[in-house]
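Take a look at the structure below.
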Amino acid sequence: MTGFADAGHQGEDLHAWHVLRPLLDAGGYLPWSTGAMRPAGLVLVCNEVVHGGRTRVLECGSGASTVVLARLLRERGAGSVVALEHDGAWAALVGDLLRREALDGIAQVVHAPLEGDPPWYATRALDALPAEVDLLVVDGPPAHAAGDEHRRAPALPFFEPRLVPGATVVLDDLQRPGEREVLARWETDTPWRFEIDQTAGAAIGARS
């Protein structure tokens, strides 16, 4: 979705707000951007952290989800999250939110400008990422504009070597044709298989 609320999923997102409330109440105000993951999608990711025991989380894109995931990992007493962010000002803002809540020992935002054709995160920033990941959340880079629909396609091939056995991948914004085409390409070109959660507007997958 292109924002944190969607007219067609108000019931699911209202329920998700209630599910997320303990984590939302655990700190200060969180700014929600127009590209934020829907509450139902964030619940899907948080459930995977809890039920899957995920402790090495990598996000493509940063924001309220980064802070919420850091709060959840702190509550559980183990784990870390690293978020890639192409926008320098937004990366600084999210990083400041993490520091204000003393979450910067759990979560880190890495500023990674987009470069190349097609645009992808700068290699110099990617080199600093963790060697092992057990949950990859793909909600960036932005892919809503015409011509940018397949911007997220490199995510799985690029990070696959870092994904440990039993890892999980979540791709957000499955209501858009571009993300559905990216998902189909991943299933054709890789051993990963996905299930679409219509309620969350996201797909979750694992190696077959």
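Descriptive notes on the structure:
- Estimated from helical segments only, the mean residue ellipticity of the chain at 222 nm is -11000 deg cm²/dmol, where each DSSP H run of four or more residues counts as -39500 (n - 2.57).
- Listed from fewest to most Cβ neighbours within 10 Å, the set Val19, Val50, Val137 follows the order Val50, Val19, Val137.
- The modelled label-to-label distance between Glu115 and Thr188, using points 7 Å beyond Cα along the C-beta direction, is 3.0 nm.
- For the pair Arg21 and Glu181, a Förster radius of 45 Å applied to the C-beta separation gives a FRET efficiency near 0.80, rounded to the nearest 0.05.
- Net length available on complete extension from Arg207 to Asp104 is 34.0 nm, with 0.36 nm assigned per residue and the Cα-Cα distance removed.
- Comparing Gly116, Gly35, Gly63 in a Gaussian network model of the chain, where Cα atoms under 10 Å apart are tied by springs, the biggest mean-square fluctuation is seen for Gly116.
- Sum of side-chain charges, Val182 neighbourhood, beta-carbon under 15 Å (Lys, Arg +1; Asp, Glu -1): -4
- Close amide H contacts of Trp120 (hydrogens built in the peptide plane, cut-off under 5 Å, sequence separation of 5 or more or a different chain): Glu115.
- Mean Cα-pair separation over length for region 1-106, i.e. relative contact order, pairs under 8 Å, 6 or more apart, %: 25 percent
- Sorting Thr55, Thr168, Thr34, Thr188 by the number of Cβ atoms found within 10 Å of their own Cβ, with the fewest placed first, yields Thr188, Thr34, Thr55, Thr168.
- Nonlocal amide H pairs with Ala83, under 5 Å, H built at 1.01 Å: Glu59, Gln108, Val109, Val110
- Legend: ranking of residues Cys46, Cys60 from fewest to most surrounding C-beta atoms inside 10 Å; resulting order Cys46, Cys60.
- Euclidean distance of C-alpha centroids, region 69-135 and region 160-194, integer Å: 20 Å
Quick note: the coordinates plus some simple rules give every number you see, no bench work behind them. Since the model is a prediction, treat every value here as computed from it, not as a measurement. Cβ atoms come from the backbone with ideal geometry, glycine included; neighbour counts cover every protein chain shown.
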